[in-house]
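J.: I'd like to ask some things about the structure below.
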Amino acid sequence: MTSDSNLSLCFRCAKALVVVALLGLLGGRAQAVSGYDTFNKMPASSFSKEDTAMMMARVDQALKAEKDGETLEWKNDATPASGSVTPLARYTSDGLACRRLRIVNAYGSNKAQGVYKFCEKPAGKWKLIGPDAAPG
């Protein structure tokens, strides 16, 4: 896979994370404004394209990592953005290879984290399935 296609995959994955975050926050029409306000307070909402690309490069690396539990950190010296990605348990779902990742993001003192499920579909291409409710 070329670096351009990896970057494209990274941005698609980042967009999916944003959608997941918004879906988790928006319970209904009455909460739409407060949910959007909450998302705007999340670190990733302040990320530049470079910040997002750095984070997603670590997500890609974590999905391919052989070992669970080894935290991959990133930091953009040009902005206050930083974070880490930790590969967690692998599992199989509907015949697909899947993996959980803990993703921690910060923009200055604003920090957030979550555990997300990804599955390989088709082989070699990972798809965000959604947030993981299980403790990570």
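J.: Could you calculate, for the stretch 37-136, the ratio of the Cα radius of gyration to the Kirkwood radius, expressed as Rg to Rh?
T.: 0.98
J.: When TYR107, TYR91 are ordered from fewest to most other Cβ atoms inside 10 Å of their Cβ, what list results?
T.: TYR91, TYR107
J.: May I ask you to list the lysines whose Cα is less than 16 Å away from that of LYS125, ignoring any residue fewer than eight positions away on the same chain?
T.: In chain and number order, the partners are LYS15, LYS64, LYS117.
J.: I want the local charge near ASP77. Using Cβ-Cβ distances under 14 Å, sum +1 for each Lys or Arg and -1 for each Asp or Glu among the other residues.
T.: Around ASP77, the charge tally is -2.
J.: For THR71, THR52, what's the fewest-to-most ordering of other Cβ within 10 Å of each Cβ?
T.: The fewest-first ordering by Cβ neighbours comes to THR71, THR52.
J.: Counting only other residues whose beta carbon sits under 12 Å from that of LEU96, what net charge do I get with K and R as +1, D and E as -1?
T.: Net charge around LEU96: +4.
J.: If neighbour count is taken as other Cβ atoms inside 10 Å, put ASP77, ASP132 in order from fewest to most.
T.: With the sparsest Cβ surroundings first, the list reads ASP77, ASP132.
Read-outs: derived from the displayed coordinates by stated rules, not from any lab. Predicted, not measured: the structure shown is a model, and the values here were computed from it. Cβ sites come from the backbone with ideal geometry, for glycine too, and all protein chains shown count toward neighbours.
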